[in-house]
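Each remark here refers to the structure printed beneath this line.
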RNA sequence: GGAGGAGUGGCAGAGCGGUUGAAUGCACCGGUCUUGAAAACCGGCAUACCGGUGACGGUAUCGGGGGUUCGAAUCCCUCCUCCUCCGCCA
């Protein structure tokens, strides 16, 4: 959530930034509306506060009058308080309405993009931040896409998953399951060695948590919701991990807070269709190791670089061709100020698949969840939150299968062999 | 799922209708003392908002929400969480 006093103080910067996202004028108008409403709020609060102050004052006097046995005077004062109370109630009501309206304006305003974010409408306009310099995999002439390899080697069963649950819920078995587990362990070990504290969080969260990281209200339809208990299946470990620090005030010396967690991720992917959804390209349940960083505002962009380097390192070790995109304004997530996507080349499909998204949210999430810290002067300030996939499994598996297929099987990357115990899937 | 108990500041823990935003202790910060440290002593130490250049003043918050009352941390209702016992169970 954007800060109202920032919008007030730097209106032009906010508007210019939001324009980069391609927001329509009607939505941009929310900025001015929020500030106007906040003016009203201040005025209302000033009046309300003075009414309440008078009420408190009188109440104290009534107490003394009663003790002194001066009933008549006390009763006169009571009448005055009753009158104040009525006025205060009506002011309180309009104050609440104004505040709800401000909140709804702010909830509908996305984060202001970082200055380096290129303008643009859609993914076509994303900037290639780092292109792949290395060689591309050379495939055998009869190379197959991963969904056919999966069937041929009996390692992923899409049909059975669909039978048990529904489409988009793959079932991994044998070496396929083993490969999943190997990747999870590899990613977690790498994260731990990079100083991230491993966490196993709950896989369902309440509405307050989903709101804090920004999944609610803007991604409501994308989460699985357990109506009976009003809980949401997590779409990413980002939600529970970041919420570990909701409503907290850290000490400056607590930074950096580095967390990692493996969780399954659940996404409804409502509205998806077409060839994008074939095989592992887009599924409702997938495994992911996430890294989360809580950082001091002064160095959060250095932290972002550090995270990019970490993710790059993973892909280098897996020997997968990848490129890094800097998302344009139109493709940028609602809550993010700057996002880099990692795409891996899945050779048999001839497609770049997104396997990681690394973002700095600056104070946007922190403001929603009231995640603060005390700076050197003892002042309370909002922290910056960052997170990234390191990495999302399903598509990594797709690329590994396709890129590493040989005449006699699928070779396992060197770094994974100590986890899989095998060097080929046959 | 059933029965009972409890939720107060960073922690511990008083208060149970009226200058209580909240005693006291611990922790923490500053000072005095000391060559230095400890001890002792003195002072400070919640969050958010409103008004004010500022000093400062005001309002709200004692798990969340609602109610009773001139006045609520204190009484009532409701929800949540934790603890104990019973039931069920990986």
Roughly what angle does helix A:11-20 make with the longest principal axis of chain A, taking Cα atoms, 0 to 90 degrees, to the nearest 10? 30 degrees
Rounded Å value of the spacing that divides the Cα centres of the range A:382-423 and the range A:55-115: 60 Å
At a threshold of 8 angstrom on Cα-Cα distance, excluding pairs fewer than six apart, so keeping six or more, what relative contact order does chain A reach in percent? 20 percent
Relative contact order %, the range A:4-107, counting alpha carbon pairs below 8 Å whose residues are six or more apart: 39 percent
Tell me, what is the percent relative contact order of the range A:70-229, built from C-alpha pairs under 8 Å that lie six or more residues apart? 10 percent
Folded to 0 to 90 degrees: helix A:393-403 orientation relative to chain A principal axis, Cα: 20 degrees
One checks the Cα atoms of chain A and finds Rg and Dmax, in Å, of 27.0, 103
Which of A:357, A:312, A:167 fluctuates most in a GNM of chain A (C-alpha springs under 10 Å)? That residue is A:167
Taking springs between alpha-carbon atoms closer than 10 angstrom, which of A:138, A:283, A:311 fluctuates most in the Gaussian network model of chain A? A:138
Once you've got the GNM for chain A with C-alpha springs shorter than 10 Å, pick whichever of A:121, A:251, A:222 has the biggest mean-square fluctuation. A:251
Arrange the peptides A:389-402, A:7-20, A:287-300 so that the one whose residues have, on average, the most other Cβ atoms within 10 Å appears first. A:389-402, A:287-300, A:7-20
Separation of the residue A:87 and residue A:379 label points, Cα + 7 Å toward Cβ, nm: 3.7 nm
Give me A:192, A:41 ranked fewest to most by other Cβ atoms within 10 Å of their Cβ, as a rough exposure proxy. A:192, A:41
Roughly how many Å is it from the Cα centre of the range A:167-218 to that of the range A:306-373, as a whole number? 16 Å
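Bear in mind these aren't lab numbers, they're just calculated from the coordinates by the rules spelled out. Just so it is clear, the model here is predicted, and its values are computed rather than measured. Reconstructed Cβ throughout: ideal geometry from the backbone, glycine too, with neighbour counts over all protein chains shown.
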